[in-house]
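Okay, so here's the structure we're looking at.
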2 protein chains.
Amino acid sequence: MRRPGGRSARVRAAVLAATVDVLLEGGLDALSIGDIARRAGVHESSVYRRWGTRFNLALEAVLDRTRTEVPVPDTGALRTDLAALLQGTAAFVRTPLGELLLRLALRADMAEYEGARERFWDHRFAAGSAVLTRAEERGELRPGLDHRLVFEALMGPLHMRLLLTREPLDETFLDGVVELVLAGIAPHD
Amino acid sequence: MRRPGGRSARVRAAVLAATVDVLLEGGLDALSIGDIARRAGVHESSVYRRWGTRFNLALEAVLDRTRTEVPVPDTGALRTDLAALLQGTAAFVRTPLGELLLRLALRADMAEYEGARERFWDHRFAAGSAVLTRAEERGELRPGLDHRLVFEALMGPLHMRLLLTREPLDETFLDGVVELVLAGIAPHD
């Protein structure tokens with residue numbers, strides 16, 4: 001049984017998949033909406049109507065793919081869950097898709113991309129929050145902490161190295177961040 | 001008494017000052033090396049010889065000016081010093097010079113800028129380390145912590161909001177980061 005809108009969802013999936021393929025092959029400069037429409041087997045006008053610009057299309061395609069690429073860890077302990085989240089992110093940002101995403105995110109400063117940006121980060125924060133909620137139930141962190149803030153404390157130093165200081169995302173660094181965050185959120189004795 | 005190289009230092013200061021002026025007036029697109037040389041009263045060829053490209057010149061000029069703009073707090077207590085460092089940075093990144101610096105830093109991915117980038121961050125880390133060293137002497141944090149890592153924990157979430165999630169750098173957020181970092185570096189009871 002198909003839900004109404006099933007065709008629209010299939011068109012979207014085909015267009016986004018074709019877009020990610022083109023971007024990974026040739027970068028944003030290689031992306032043409034006519035080419036994408038042909039690859040996805042849809043009319044060019046449908047792509048324009050839905051996404052407007054190739055940049056908007058690129059951002060949504062990459063954000064959508066990324067949501068499925070960094071899994072939510074569930075190792076049974078907060079330390080190893082946080083380490084897996086951070087290591088997973090460090091590995092992802094060095095893949096072609098991760099690098100592309102960062103380049104696009106940094107260029108996207110127009111109002112029409114804010115929706116895509118927000119959906120992406122909501123999804124990432126939800127992954128962090130799932131880890132923290134389970135840890136709370138195990139008594140591994142103080143109750144009542146702001147989960148978004150804890151996630152930003154975990155991920156902020158990594159993105160600062162990646163984008164600004166360009167220092168390595170090595171094991172010593174990643175472990176150090178996890179230990180500092182753990183000490184910051186541990187229950188009071 | 002002038003040190004040898006005094007003239008060279010004066011030329012450098014004049015060129016960098018003229019460059020920051022032009023950048024703040026019209027952005028990178030307004031910058032021409034011929035114009036800078038005229039404003040600074042030096043030969044165009046000296047500017048080319050020393051900086052090579054206008055982009056390189058822009059980066060060094062902005063980094064150099066920035067080093068003097070965010071002061072090192074010394075309030076007598078770690079909490080208020082960290083809050084002042086973070087608030088000073090949050091205020092700076094919203095000034096025209098701060099926005100310019102970020103745009104340039106994000107574009108600068110060529111090997112020849114790494115020296116300027118490193119000197120800039122070394123200077124920022126030194127400001128953080130001065131604060132932490134004084135706090136250590138007052139017994140306000142665990143001895144033996146990696147000061148660079150603590151500085152990255154303080155500044156990382158701010159830069160992640162600024163560059164990626166675009167969420168506000170409001171007081172609740174800045175206070176929350178300071179409290180989390182403080183909890184993470186406090187002495188064990």
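The range B:77-136 and the range A:20-64 have Cα centres separated by 38 Å. Around the Cα centre of the range B:1-119, unit charges on the Cβ atoms of Lys, Arg, Asp and Glu (plus for the first two, minus for the last two) sum to a dipole of about 520 debye.
For the protein assembly as shown, the direction-averaged projected area of the alpha-carbon convex hull comes to 24.4 nm². Within the assembled protein chains, the solvent-accessible surface assigned to B:Ser129 is about 40 Å², based on a 1.4 Å probe. Simple point charges give the picture: +1 on the Cβ of Lys and Arg, -1 on the Cβ of Asp and Glu, and for the range A:71-185 a dipole about the Cα centre of about 180 debye. Working value for the range B:6-65: equivalent-ellipsoid semi-axes of 16, 12, 10 Å, each the square root of 5 times a Cα gyration tensor eigenvalue, largest first. A cut-off under 11 angstrom between Cβ atoms defines the neighbours of A:Trp121, and their net charge, with Lys, Arg +1 and Asp, Glu -1, is +2. Which trypsin sites (Lys or Arg not before Pro) from the range A:1-64 combine a DSSP loop assignment with at most 10 other Cβ atoms within 10 Å? Counting only loop positions with at most 10 other Cβ atoms within 10 Å, the trypsin sites (Lys or Arg not before Pro) in the range A:1-64 are A:Arg2.
Just checking the listed ones, B:Val131, B:Val11, B:Val177: in the Gaussian network model of chain B with Cα springs under 10 Å, the one fluctuating most is B:Val11. Largest first and in whole Å, the equivalent-ellipsoid semi-axes of the range B:69-185 read 24, 17, 12, each the square root of five times a Cα gyration tensor eigenvalue. Loop-located GluC sites (Glu not before Pro) across the range A:61-161 with a Cβ neighbour count of 14 or fewer within 10 Å are A:Glu69, with loop assigned by DSSP.
Per-residue accessible area (protein heavy atoms, 1.4 Å probe) orders A:Glu179, A:Glu171 as A:Glu171, A:Glu179, starting from the largest.
Computed over the range B:1-128, the alpha-carbon pair-distance distribution with 10 angstrom bins reads 12, 39, 32, 14, 3, 0, each value a whole percent.
Of the residues A:Val72, A:Leu28, A:Ser8, the one whose Cα sits farthest towards the positive end of the charge dipole of chain A is A:Ser8 (charges of +1 on Lys and Arg Cβ, -1 on Asp and Glu Cβ, taken about the Cα centre).
About its Cα centre, the range B:6-65 has a charge dipole of approximately 340 debye under the convention of +1 per Lys or Arg Cβ and -1 per Asp or Glu Cβ, with nothing else charged. Per residue of peptide A:172-180, the mean number of Cβ atoms on other chains within 10 Å of the residue Cβ is 4.
The values are calculated or read from the model by the stated rules, or taken from the named source; none is laboratory data. Predicted, not measured: the structure shown is a model, and the values here were computed from it. Every residue, glycine as well, gets a Cβ built from its backbone with ideal geometry; the counts of neighbours run over all protein chains shown. Surface accessibility is based on the protein's heavy atoms, side chains included, excluding ligands, DNA and RNA. Shrake-Rupley method; radii C 1.70, N 1.55, O 1.52, S 1.80 Å.
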